[in-house]
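Reading through the structure tokens given below for one structure.
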Amino acid sequence: MKIIDLKCAIIGKSPVIRIVTDEGISGFGQTEWAKSYLKPFVLFYKPLIIGEDPTNVEKVMSKIRRLGAFKPYGAAVSAIEVALWDIAGKAANLPIYKLLGGKVRDRVLVYNGGIRFPFEGKDSPENFAKDVLKMKNLKEGFSIIKQGLSLHGRMATNYKDYFYGDVSWDNNGNQSSFTGGFSQNLPHGAQITEKGFNYTIDCILAMKEALGDEVGLALDLGPGINPSDALKFARAVEDLNIMWLEDMITGDYTPYVLADLYRDVTINTSTPIHTGEQIYLRHNFKDLIDKRAVNVIGPDPLDVGGLSETKWIAEYADMNGIMIAPHGTIDGLIGLAAQVQLAATLPKNYIAFEYCVPCHDWWYDIIDGLPNPIVKDSYIDVWDAPGLGVSFNDEAKKYLKEEDKDFFE
Ligand SMILES: [Mg+2]
């Protein structure tokens, strides 16, 4: 079997990759839907993989892996890897999890970092509590909910004098806000004020009170928090059984790791410390894991280099006592299928992956193969159809932009 084409269409806002073979089998992959600008990066790899046998996934990847980078530039490589596994699975008539070593669980736990409600009223501890209560009551029955606070999201800009630094303003003169992809002005930084710190703790206490001990609360707080503030946060919430504090120092769209700074925080607190969604390749997790600099890593399979890359990292983390909770909030429905196949195979350090949502609800109408309902009591049952086990139906064509009209041909 040979690869004869690599295509990329932006469906809604979501870059979708299709690898076409000479035997009539196609494979699909997808990147985060905040990255519609990635299409040229995807096509950049086309001449490097044409003519290769897609079922030799590792050989194909060895040609392109070194031409990726930290988020967002590892996404194209990662989505191509997923599409290769989709082809390999279809060619073997096996689900991808069989090719990754077989499943170790029949259902995979997911956590909520993506299903959000418009924030009602002013920022206040009470309204943060109401917000997580709505998430607690979702039909998916999530057993872990993640909330963005502090420098991650609205707090740094909405709460006056949150930190000793300038609030970022966008080019239109508005206070910048987190957009779900990246804000042009993130990350903020500098010391957090005492009242900003106390306010953050009040919001965390209110959310914990609302959730009780039935639903775990994870917090995404940065990047940009200095190590001493990070340790203060971690120690201040030690009695609250927080699932993890995410990306406080480096993280989202930060093209470096600073493992030693994380280690200084992690070894001085019992609160689990988490990072890793922006990191590309196992090599860039080595320092974090060798130094046991965090308690939980959160690579995104659609940024880190793909499914087998994530599995390598998970196994190495497991040997070092580090847990894994893969990132994935806006990886879309093909991303969701890829995450399920991967999570089925991860070792015992697997906690949950971040449930992936599409950019538009009509995505649920154009993809066949997902279970209905998808999530039951915070779990997704692993399915057995070949490859990713999901496919586009005829409805999908009507959402193709003019320039992508031949995407399925
Ligand atoms: Mg995050």
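All told, residue 311 meets the bar of being closer than 21 Å to residue 101 by Cα, assigned by TED's automatic domain parsing to the domain that holds residue 265 and out of contact with any Asp or Glu (no Cβ under 8 Å at 6 or more places or on another chain).
Would you check which residues across the range 287-309 are assigned to a helix (DSSP H, G or I) and more than 16 Å from the ligand (Cβ to nearest atom) and list them? If you could, list the steps in order and put the result at the bottom.
Going residue by residue through the range 287-309, those that are assigned to a helix (DSSP H, G or I) are 287-290, 301-304, 307-309.
Those that are assigned to a helix (DSSP H, G or I) and more than 16 Å from the ligand (Cβ to nearest atom): 287, 289, 290, 307, 308, 309.
The requirement of being out of contact with any helix residue (DSSP H, G or I) (no Cβ under 7 Å at 6 or more places or on another chain), away from the ligand (no atom under 16 Å from the Cβ) and at pLDDT 95 or above is fulfilled nowhere in the range 322-330; no residue meets it.
Give the residue that is nearest to residue 144 (Cα to Cα), with candidates limited to residues of the range 233-251 that are β-branched (Val, Ile, Thr) and within 15 Å of the ligand (Cβ to nearest atom). Outline the logic, then answer.
Going through the range 233-251, the residues β-branched (Val, Ile, Thr) turn out to be 237, 242, 249-250.
In the following step, the residues that additionally are within 15 Å of the ligand (Cβ to nearest atom) were identified as 242, 249-250.
Working: 242: 10, 249: 22, 250: 23 Å.
Residue satisfying both the conditions and the ranking: 242.
Taking the listed residues 60, 82, the one that is buried (at least 18 other Cβ atoms within 10 Å of the Cβ) and touching a strand residue (DSSP E or B) at 6+ places or on another chain (Cβ under 6 Å) is 82, with no other qualifying. Within this structure, residue 205 passes the test of being touching a residue at least 12 places away in the same chain (Cβ under 8 Å), more than 16 Å from the ligand (Cβ to nearest atom) and of a type in the set (A, V, I, L, M). Sub-9 Å Cβ pairs linking a first residue in the range 134-152 that is assigned by TED's automatic domain parsing to the domain that holds residue 203 to a second residue that is of a type in the set (Lys, Arg) and more than 16 Å from the ligand (Cβ to nearest atom), at least 6 apart or interchain, are 140/376; 141/376; 142/136; 145/136, ordered by first then second residue. Has the range 323-342 got any residue that is in contact (Cβ under 8 Å) with a residue 12 or more places away in the chain, part of a helix (DSSP H, G or I) and of a type in the set (D, E, K, R)? No, the conditions are met nowhere in the range 323-342.
In the range 100-114, the qualifying residues are those that are part of a loop (DSSP other than H, G, I, E, B) and surrounded by 16 or more Cβ atoms within 10 Å (Cβ to Cβ), and the one that is farthest from the ligand (Cβ to nearest atom) is 103. Residues that are under 23 Å from residue 135 (Cα atoms), in a loop (DSSP other than H, G, I, E, B) and of a type in the set (D, E, K, R): does the range 213-230 have at least one? Yes - at least one qualifying residue is present in the range 213-230.
Which of the residues that make up the range 252-272 are in contact (Cβ under 8 Å) with a residue 40 or more places away in the chain and either buried (at least 21 other Cβ atoms within 10 Å of the Cβ) or away from the ligand (no atom under 11 Å from the Cβ) (or both)? Steps first, answer last, please.
Keep residues of the range 252-272 that are in contact (Cβ under 8 Å) with a residue 40 or more places away in the chain, which gives 252-256, 272.
Answer for the range 252-272, where residues must be in contact (Cβ under 8 Å) with a residue 40 or more places away in the chain and either buried (at least 21 other Cβ atoms within 10 Å of the Cβ) or away from the ligand (no atom under 11 Å from the Cβ) (or both): 252, 254, 255, 256, 272.
Among the residues of the range 210-232, the ones that are crowded, with 22+ Cβ neighbours inside 10 Å and away from the ligand (no atom under 15 Å from the Cβ) come to 2 in all.
Residue 20 meets each of the listed conditions (1) in contact with a Phe, Trp or Tyr (Cβ under 8 Å, 6 or more places away or on another chain); (2) within 19 Å of residue 409 (Cα to Cα); (3) among the aliphatic types (A, V, I, L, M) apart from (1).
Scan the range 1-60 for residues that are of a type in the set (D, E, K, R) and outside any strand (DSSP E or B) and jot them down.
2, 13, 22, 23, 32, 35, 39, 46, 52, 53, 58, 59
Consider the range 245-278. How many of its residues are assigned to a loop (DSSP other than H, G, I, E, B) and either on the phi > 0 side of the Ramachandran plot or over 20 Å from the mean Cα position of the chain (by Cα) (or both)?
First pass over the range 245-278, keeping only residues assigned to a loop (DSSP other than H, G, I, E, B): 247-258, 267-272, 276-278.
With the extra rule that they be either on the phi > 0 side of the Ramachandran plot or over 20 Å from the mean Cα position of the chain (by Cα) (or both), the set shrinks to 247, 251, 253, 258, 267-271, 276.
Adding up the residues that qualify gives 10.
Screening residue 115 with (1) under 30 Å from residue 189 (Cα atoms); (2) without any contact (Cβ under 8 Å) to a residue 40 or more places away in the chain; (3) among the β-branched types (Val, Ile, Thr) gives one miss only, at (2). When residue 81 is tested against (1) within 30 Å of residue 250 (Cα to Cα); (2) in a loop (DSSP other than H, G, I, E, B); (3) in contact (Cβ under 8 Å) with a residue 24 or more places away in the chain, only condition (2) is not met.
Look at residue 146 and say whether it is out of contact with any Asp or Glu (no Cβ under 7 Å at 6 or more places or on another chain) and either assigned to a loop (DSSP other than H, G, I, E, B) or modelled with pLDDT of 95 or more (or both). Criteria not met by residue 146.
The values are calculated or read from the model by the stated rules, or taken from the named source; none is laboratory data. Only a predicted model underlies this, so the values are computations on that prediction, with no experimental measurement involved. Neighbour counts run over all protein chains shown; Cβ positions are idealised from the backbone, glycine included.
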